[in-house]
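Before any comments, here is the structure.
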Amino acid sequence: SGKKVLIVYAHQEPKSFNGSLLKIAVEELTKQGCSVTVSDLYAMQFEPRATRNDIVGRLHNSEAFNYGVETWEAYKRGGLSKDLVEEQKKVQEADLLIFQFPLFWFNMPAILKGWMDRVLVQGFAYDLSKAYDGGLLQDKLSLFSFTTGGGREMYSKEGIGGDIRYVLWPMQHGIMHFCGVKVLEPHICYAPENVSEEKRKEMLTAWSQRLKTLWKEEPIDCSLEWYFK
Ligand code: FAD
Ligand code: ZN
């Protein structure tokens with residue numbers, strides 16, 4: 001389709017179920033004629049910490065360090081560290097961002113959270129009064145694809161974990177929507193470790209099937225109601 005896809009992938013082991021989901025996405029999207037880029041965060045040894053090192057050269061205020069202000073200023077003068085500039089370029093070029101990861105503590109793994117913290121800098125992803133529908137990363141789609149340890153029944157409104165949509169609120173609404181990125185339905189594979197080999201194969205097939213018609217999907221209505229109604 002000529003579309004550009006960035007997959008930000010956070011698993012240490014290529015033979016993992018997440019690794020298999022990644023492989024399927026790369027294969028299927030490439031087959032469709034998309035150009036696919038993968039940021040394999042552990043393989044890249046991606047730095048998750050938001051520190052002074054992210055700014056090249058002089059600080060805006062060297063008396064008291066403020067990460068948000070310093071990265072915003074550095075972005076404006078082209079003074080962000082090389083690894084951030086590279087990731088921002090990949091984001092800028094992408095029509096679709098896919099995040100592939102195992103759920104860690106009702107959240108994304110720290111290395112992926114670090115990617116969010118460091119890459120989505122003010123001035124690049126959002127700005128003063130340019131947030132949510134006005135965010136700077138317009139005309140892009142995102143999709144959170146993740147696996148869990150807990151089963152589907154655990155993540156229902158009445159289940160011990162609560163509705164899985166509760167964990168998606170910070171990721172989809174607080175990050176992607178904030179930056180102006182539209183959100184596709186998440187893709188969740190529940191408890192791949194605890195199901196049969198046959199069920200695992202089914203889950204992998206379902207992912208590749210979904211990707212076949214992905215570009216026809218409408219984004220979700222990413223508002224409070226979607227998550228908590
Ligand atoms: P894997 O163990 O890699 O895969 C499962 C099985 O699938 C393996 O047997 C593998 O060999 C097999 N497999 C791989 N590829 C294929 C293939 N192509 N065909 C067939 N089989 C295949 N879970 C929660 O629900 N909530 C939490 O809050 C949570 N917090 C966590 C915090 C931490 C720090 C950690 C380490 C785990 C946490 N978990 C939590 C569990 C975690 O989400 C799961 O362990 C993870 O999602 C499983 O995905 P995986 O890719 O690592 O599975
Ligand atoms: Zn939203």
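To keep it simple, each residue is scored yes or no on (1) surrounded by fewer than 17 Cβ atoms within 10 Å (Cβ to Cβ); (2) touching a His at 6+ places or on another chain (Cβ under 9 Å); (3) touching a residue at least 60 places away in the same chain (Cβ under 8 Å); (4) not aromatic (F, W, Y).
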residue: K4; (1), (2), (3), (4): no, no, yes, yes
residue: E27; (1), (2), (3), (4): yes, no, yes, yes
residue: T37; (1), (2), (3), (4): yes, no, no, yes
residue: A43; (1), (2), (3), (4): yes, no, no, yes
residue: R49; (1), (2), (3), (4): yes, no, yes, yes
residue: G57; (1), (2), (3), (4): yes, no, no, yes
residue: N61; (1), (2), (3), (4): yes, no, no, yes
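In the list I175, I160, which residue meets the criterion of being of a type in the set (V, I, T) and either touching a residue at least 40 places away in the same chain (Cβ under 8 Å) or in a strand (DSSP E or B) (or both)? Talk me through it step by step, then tell me what you get.
Details: I160 fails: either touching a residue at least 40 places away in the same chain (Cβ under 8 Å) or in a strand (DSSP E or B) (or both).
Testing whether each residue is of a type in the set (V, I, T) and either touching a residue at least 40 places away in the same chain (Cβ under 8 Å) or in a strand (DSSP E or B) (or both) leaves just I175.
When E153, E202, E225 are checked against the criterion of being within 13 Å of ligand 2 (Cβ to nearest atom), out of contact with any Lys or Arg (no Cβ under 9 Å at 6 or more places or on another chain), without any contact (Cβ under 8 Å) to a residue 60 or more places away in the chain and in a helix (DSSP H, G or I), E225 stands alone in meeting it.
Taken over the stretch 129-150, the criterion of being away from ligand 1 (no atom under 12 Å from the Cβ) and either at pLDDT below 95 or in a loop (DSSP other than H, G, I, E, B) (or both) is satisfied by S129, A131, G135, L136, L137, Q138, D139, K140.
The residues on offer are M116, M108, and the sole one that is of a type outside the set (V, I, T) and more than 16 Å from ligand 2 (Cβ to nearest atom) is M108.
Considering every residue within the stretch 161-171, establish whether at least one is within 11 Å of ligand 1 (Cβ to nearest atom), within 22 Å of S20 (Cβ to Cβ) and in contact with a helix residue (DSSP H, G or I) (Cβ under 8 Å, 6 or more places away or on another chain).
Step one: of the stretch 161-171, the residues within 11 Å of ligand 1 (Cβ to nearest atom) are 161, 164, 167.
Among the residues that remain, those that are also within 22 Å of S20 (Cβ to Cβ) are: 164.
Next, only the ones that are in contact with a helix residue (DSSP H, G or I) (Cβ under 8 Å, 6 or more places away or on another chain) stay: 164.
Yes, the stretch 161-171 has at least one match.
Out of everything in the stretch 129-150 that is crowded, with 19+ Cβ neighbours inside 10 Å and aromatic (F, W, Y), what residue ends up being nearest to ligand 2 (Cβ to nearest atom)? Selected residue: F144.
Can we say E217 is in contact (Cβ under 8 Å) with a residue 24 or more places away in the chain, under 18 Å from L97 (Cα atoms) and either touching a Gly at 6+ places or on another chain (Cβ under 6 Å) or among the acidic types (D, E) (or both)? Yes.
Of F104, F65, all but one fail to be under 27 Å from L211 (Cβ atoms) and either under 20 Å from the mean Cα position of the chain (by Cα) or among the aromatic types (F, W, Y) (or both); the exception is F104.
Is there a residue being part of a helix (DSSP H, G or I), surrounded by fewer than 19 Cβ atoms within 10 Å (Cβ to Cβ), free of Cβ contacts under 8 Å to residues at least 40 places away in the same chain and within 16 Å of ligand 1 (Cβ to nearest atom) anywhere in the stretch 191-198? Show your work before the answer.
Taking the stretch 191-198 as the starting set, the residues that turn out to be part of a helix (DSSP H, G or I) are 192-194, 197-198.
Filter once more, keeping what is surrounded by fewer than 19 Cβ atoms within 10 Å (Cβ to Cβ): 193-194, 197-198.
With free of Cβ contacts under 8 Å to residues at least 40 places away in the same chain added as a condition, the list becomes 197-198.
Then keep just the ones that are within 16 Å of ligand 1 (Cβ to nearest atom); that gives 197-198.
Yes.
Considered as a group, the residues in the stretch 6-15 that are without any contact (Cβ under 8 Å) to a residue 24 or more places away in the chain and out of contact with any helix residue (DSSP H, G or I) (no Cβ under 7 Å at 6 or more places or on another chain) include one that is most open to solvent (accessible area, probe 1.4 Å), and that residue is K15.
For the stretch 104-128, a residue qualifies if it is within 16 Å of ligand 1 (Cβ to nearest atom), outside any helix (DSSP H, G or I) and surrounded by 18 or more Cβ atoms within 10 Å (Cβ to Cβ), and the qualifying residues are M108, P109.
Counting the residues of the stretch 47-73 that are of a type in the set (K, R) and either in contact with a Pro (Cβ under 8 Å, 6 or more places away or on another chain) or outside any helix (DSSP H, G or I) (or both) gives 2.
The values are calculated or read from the model by the stated rules, or taken from the named source; none is laboratory data. Given the structure is predicted, the values throughout are model-derived calculations rather than measurements. Note: ideal-geometry Cβ built from the backbone for every residue, glycine included; neighbour counts use all protein chains shown. Side chains are part of the model used for accessible areas, which takes the heavy atoms of the whole protein and leaves out ligands, DNA and RNA. Shrake-Rupley method; radii C 1.70, N 1.55, O 1.52, S 1.80 Å.
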